[in-house]
Amino acid sequence: MAKTELNKAVDNFFKKYSGNSITKDAVKKSFNLKDKNEYGNLLHAIVNYYYPIEAKKTTIKILLDLGVNPNHQSVVTGMTFIHLALYGYTDDKGNDHPYEENFILEMISLAKAHGFNVNIKDGDNENIAVTAIASEVYRGSIINIISALGSEFKIDDSLKSAFDEYFKESIKVPGWNKRLLREKEAIDKLVKKSNIRIEDVEKEILSSKATLTNLTNNLTFATLTNNYKKISSTIKRLTDLEEKRNVFEVKEEDIKLKIDSIIKTITTILTQELEEIKINPSSKRIETIKPILIEFLLNSLLNMLQEIEEAYGDYQESLRLLAKSIKTINEGKIFLESIKGTELEEELSNIVNEIMESINKAIVDLKDALISDKETFKSLSSFIDYEYEEEIIDYDNLTKQELINKTRSTKKKTASYCSYVWSYLDDKFIDIINNISPLINAGIITEKDIEKYLHKCLSNKKQRTK
């Protein structure tokens with residue numbers, strides 16, 4: 001870009017004056033102190049191009065002493081001369097160069113002494129510190145720039161946000177990225193520090209310590225179960241407060257020691273509880289302790305609990321399989337007695353009772369078959385050539401299949417009595433037929449007569465029975 005008339009005036013000044021010849025009179029004689037253009041005032045013109053550094057410093061100090069406004073902003077960019085200096089200067093050959101950090105710090109100090117607004121922002125809404133971050137040319141420290149701006153410079157989260165944005169952008173420019181990376185942690189800490197007061201942190205630490213003490217006095221598994229979330233959140237709060245305190249370079253071990261002591265106590269209590277659960281496990285006890293172990297990240301104890309949980313799960317499954325394998329009433333009674341008061345009592349009782357109900361039905365069927373058999377034998381005993389022997393059966397020790405088999409065999413035996421009757425009748429009828437066969441042969445008696453007579457006999461028998 002071609003030099004403006006203001007730039008040419010500054011060029012002519014430094015060609016004519018140097019060293020001790022740069023005085024107030026020389027400056028007054030050479031410049032109209034109110035001269036400016038769309039790019040800035042005399043201060044902008046001086047820092048924008050190369051001139052001997054000491055001559056530059058002297059001239060800027062004289063201009064400020066004479067009332068040139070350090071807060072004047074370029075119409076085009078909105079930059080003050082400090083903003084502009086952070087982007088370096090251009091030499092006679094058109095090459096850009098960075099200013100040394102000490103020059104920038106001196107200019108800030110000089111400008112502040114003459115009413116410079118340390119929070120002033122350019123056209124991109126960036127203050128001096130953000131410009132120091134954004135400049136790919138500047139090689140100095142951002143933290144030192146912020147220190148030079150002083151306590152009136154406003155530090156807030158916007159500084160961190162701007163830093164993060166430019167840090168992402170700087171990845172494409174190794175030198176710039178390296179400079180920002182070097183100060184990233186310091187900027188983070190500075191922003192954190194700006195948002196808190198050490199007095200407030202210490203006050204909250206005392207309060208949180210007292211809360212933690214109250215929650216953990218005479219700690220037992222029962223009180224831990226009720227308060228573990230409060231204890232955990234208080235520990236996390238104290239850890240956060242310790243980090244905040246560290247921002248102020250306060251290094252004390254009191255918080256860490258207290259937390260370590262409480263975690264040790266909690267670990268001891270939970271270890272004892274796990275040993276008891278191992279001896280007398282239950283789903284309720286397992287589900288009670290599990291979230292506490294997770295909350296305090298006690299991984300070794302979590303592994304121990306997982307082993308207990310798996311073993312207990314296998315045991316529960318074995319009980320279910322055993323319940324389903326019950327075969328007799330006595331087995332069912334013994335099993336039901338053994339699971340009284342246990343966690344799976346209701347579930348397993350339902351399984352066993354359903355099996356026993358099925359067995360009882362088979363028992364009823366067998367008993368009915370035996371009664372029928374006895375009554376049938378009694379009715380037909382005169383036709384059967386052996387005595388009835390009543391069988392004593394241990395129903396409660398027979399399986400359902402054994403009961404069914406015995407019922408079938410009983411019914412089969414009952415049915416066999418008919419064979420005895422038909423055999424008896426067959427013999428009797430043969431004798432009768434043999435005796436009356438001459439009458440049949442002579443036509444005196446027919447088959448119809450025999451059938452009619454038998455029917456009459458049966459009718460008379462029924463009448464007599466009534």
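The C-beta contact set for segment 93-110 (first residue without any contact (Cβ under 8 Å) to a residue 40 or more places away in the chain, second residue outside any loop (DSSP other than H, G, I, E, B), distance under 9 angstrom, 6+ apart or interchain) comprises Ser109/Ala148.
One residue stands out in segment 189-201 among those that are of a type in the set (D, E, K, R) and exposed (fewer than 15 other Cβ atoms within 10 Å of the Cβ): the one that is nearest to Phe153 (Cα to Cα), namely Arg197. Selection of helices (runs of 4 or more DSSP H) fully inside segment 34-133 by the criterion of at least 3 residues being more than 51 Å from the chain's Cα centre (by Cα), more than 17 Å from Ile146 (Cα to Cα) and aromatic (Phe, Trp, Tyr) returns nothing.
Residues checked against (1) of a type outside the set (Lys, Arg); (2) in contact with a His (Cβ under 8 Å, 6 or more places away or on another chain); (3) in contact (Cβ under 8 Å) with a residue 40 or more places away in the chain:
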| position | (1), (2), (3) |
| --- | --- |
| Asn48 | yes, no, yes |
| Thr59 | yes, no, yes |
| Val75 | yes, no, no |
| Met79 | yes, yes, yes |
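Residue under question is Leu270, and the condition is that it be in a helix (DSSP H, G or I), at pLDDT below 95 and either open to solvent by 40 Å² or more (accessible area, probe 1.4 Å) or in contact with a helix residue (DSSP H, G or I) (Cβ under 8 Å, 6 or more places away or on another chain) (or both); does it hold? Criteria not met by Leu270.
Looking only at segment 17-27, which residues are modelled with pLDDT of 95 or more, part of a helix (DSSP H, G or I) and loosely packed, with under 15 Cβ neighbours inside 10 Å? Correct list: Ser21, Lys24, Asp25.
The set of residues in segment 165-183 that are touching a helix residue (DSSP H, G or I) at 6+ places or on another chain (Cβ under 7 Å) and either of a type in the set (Gly, Ala, Ser) or in contact (Cβ under 8 Å) with a residue 12 or more places away in the chain (or both) comprises Tyr166, Phe167, Ser170, Trp176, Leu180, Glu183.
One residue stands out in segment 310-332 among those that are in a helix (DSSP H, G or I) and free of Cβ contacts under 8 Å to residues at least 24 places away in the same chain: the one that is surrounded by the most Cβ atoms within 10 Å (Cβ to Cβ), namely Glu331. Give the residue that is farthest from Tyr228 (Cα to Cα), with candidates limited to residues of segment 248-263 that are among the basic types (Lys, Arg) and surrounded by 11 or more Cβ atoms within 10 Å (Cβ to Cβ). Looking at residues that are among the basic types (Lys, Arg) and surrounded by 11 or more Cβ atoms within 10 Å (Cβ to Cβ), I get Lys256.
The number of residues in segment 2-16 being open to solvent by 70 Å² or more (accessible area, probe 1.4 Å) and either in a helix (DSSP H, G or I) or touching a strand residue (DSSP E or B) at 6+ places or on another chain (Cβ under 9 Å) (or both) comes to 5. Where the second residue is surrounded by 12 or more Cβ atoms within 10 Å (Cβ to Cβ) and the first is among the acidic types (Asp, Glu) and lies in segment 1-30, which pairs have Cβ atoms under 8 Å and are six or more apart or on separate chains? Close Cβ pairs (under 8 Å, with a partner that is surrounded by 12 or more Cβ atoms within 10 Å (Cβ to Cβ)) amount to Glu5/Asn37; Asp11/Lys3; Asp11/Tyr49.
The values are calculated or read from the model by the stated rules, or taken from the named source; none is laboratory data. As the structure is a computational prediction, the values presented were derived from the model and not from experiment. Quick reminder, even Gly has a Cβ in these numbers, built from the backbone with ideal geometry, and neighbours come from all protein chains shown. Just so you know, the surface numbers come from the protein's heavy atoms only, side chains and all, with ligands and any DNA or RNA stripped out. Shrake-Rupley method; radii C 1.70, N 1.55, O 1.52, S 1.80 Å.
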